[in-house]
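Asks: Got a structure here, written out as structure tokens. Questions coming.
The values are calculated or read from the model by the stated rules, or taken from the named source; none is laboratory data. Remember, it's a predicted structure, so these values are computed and weren't measured experimentally. Note: ideal-geometry Cβ built from the backbone for every residue, glycine included; neighbour counts use all protein chains shown. Quick note on the areas: whole protein, heavy atoms, side chains included, nothing else; ligands and nucleic acids left out. Shrake-Rupley method; radii C 1.70, N 1.55, O 1.52, S 1.80 Å.
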Amino acid sequence: MLIKSRPSWFLSENDATPESIYKQRRDIVKKLGIAAAAVPFASQTHAGLFDVFSSSNDKVTEQDSRMTLEGASSEFSTKGLALTPENKVLTYNNFYEFGTGKGEPAEQAKNFKTTPWTIEITGEVAKPVTLDIADVMKNMKIEERIYRHRCVEAWSMNVPWLGFPLASLLHLVQPTSKAKYVAFETLYDPDQMPGQRGFSSIDYPYVEGLTIAEAMNPLTLMTVGLYGKTLAPQNGAPLRLIVPWKYGFKGIKSIVKIHLLEKQPPTTWNLLAPDEYGFYANVNPNVDHPRWSQASERFIGEGSVFSSVRQETLMFNGYGEQVASLYKNLDLKRNY
Ligand SMILES: Nc1nc2c(c(=O)[nH]1)N[C@H]1C(S)=C(S)[C@@H](COP(=O)(O)O)O[C@H]1N2
Ligand SMILES: [Mo]
């Protein structure tokens, strides 16, 4: 069996009764009923009409592997910003394991195998565990969180993710008092990931990390879906991290390991270019990247990605109210 151990309240395929499943579904539907009116889905309908300059990859919208997934709407969702159309979220990606071009992940990850999939949670925890993604999906309460998504390359999106707080997963394993950081690791599988074969300046597997306070912040989302469906491979199926107040590279994809530890873990982009990519990597319009300004960003909305509208970049990507207190001791004029 794939599951070495699991918390007692986790249902397995076998002990999920029709009643328990029905009850969960009913709860979700109830929440959706209340929430439906509050979700701003306006201006979605004409996506792609004037897409004359967009790449042919833009048309890859149907992913056989994506299954319907519902989530209760969240108070943390972005207000007053149009969504990035689904086809853009699915075809304009950074996932170097599947190529460095923006359109490559959608093409090269098409046949990426995400079942079976386990996530190992170890280190400074009372109850280390290896979970099957199917059990995670069944047991965690899924929410829809529309978040601003800001890449360090100065483009941005607004994406309706589906997921659950990382904190609820960490509570299961009971972090010890020595757990000061959380490290994450992407799958290492060169047979499936062409970017991991041959020469690369990245030392795979891709790794990322957060402080325990960042990991426990209610905004930090273990993400399993987007636009009402499970994640496409190019977006980090079956499970990736989204930390909305940080640059996108913190949002590690296709996670297989979570390790809690006392010391700050190494992180991929920081190892590669420490002067350009900090460990904290909080979105900050006042601290430029050594090679470009971070004061504004190209918002990827409807129409061609090359004619995107520039908008102002917000401190902490607009999430200062929830997270600024975490950084009282950091000099926000510097790049961390
Ligand atoms: N394993 C892995 N995770 C990754 C990356 C990557 O190359 N490999 N790219 C990061 C970067 S730079 C960004 S901006 C986001 C992009 O996520 P998206 O393609 O879903 O928009 O994923 C992040 N997670
Ligand atoms: Mo990024």
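Asks: How high is the relative contact order of the range 155-257? Use alpha-carbon pairs under 8 Å, at least six apart in sequence, and give a whole percent.
Replies: 34 percent
Asks: Kindly identify the range 158-286 as rounded, prolate or oblate by the Cα gyration tensor criterion: order the square roots of the eigenvalues as a ≥ b ≥ c, call it rounded if a/c is under 1.5, otherwise compare a/b with b/c, prolate if a/b is larger, else oblate.
Replies: Judged from the Cα gyration tensor, the range 158-286 comes out rounded (a/c under 1.5).
Asks: Rounded, prolate or oblate: which fits the range 68-217, taking a ≥ b ≥ c as square roots of the Cα gyration tensor eigenvalues, rounded meaning a/c under 1.5, else prolate when a/b beats b/c?
Replies: oblate
Asks: Tally Lys/Arg at +1 and Asp/Glu at -1 over every other residue whose Cβ is under 15 Å from the Cβ of residue 192; what's the total?
Replies: Neighbourhood net charge equals -1.
Asks: Stretched out fully, how many nm does the piece from residue 138 to residue 322 gain, at 0.36 nm a residue minus the Cα gap?
Replies: Answer, rounded to one decimal: 63.4 nm.
Asks: If I model a spin label as a point 7 Å beyond the Cα along the Cα-Cβ vector, how far apart are those points for residue 213 and residue 201 in nm?
Replies: 3.3 nm
Asks: In whole angstrom, how far apart do the alpha carbon centroids of the range 120-185 and the range 70-103 sit?
Replies: Distance between centres, Cα-based: 17 Å.
Asks: Here's another thing I want to ask about it. With every protein chain left in place, what is the accessible area of residue 249 in Å² (1.4 Å probe, nearest 10)?
Replies: Accessible area of residue 249: about 20 Å².
Asks: With a/c under 1.5 counting as rounded, go ahead and sort the range 120-198 into rounded, prolate or oblate using the C-alpha gyration tensor (a ≥ b ≥ c being the square roots of the eigenvalues; past the cut-off, prolate if a/b is larger than b/c, else oblate).
Replies: oblate
Asks: Please work out the C-alpha center-to-center distance from the range 321-336 to the range 228-290 and express it in whole Å.
Replies: The range 321-336 and the range 228-290 have Cα centres separated by 17 Å.
Asks: How many Å² of accessible area per residue for the range 66-213, probe 1.4 Å?
Replies: 38 Å²
Asks: A further question follows. So if each residue of separation counts as 0.36 nm, and I subtract the Cα-Cα distance between residue 275 and residue 176, what length gain in nm does that give?
Replies: Full-extension gain reported as 32.4 nm.
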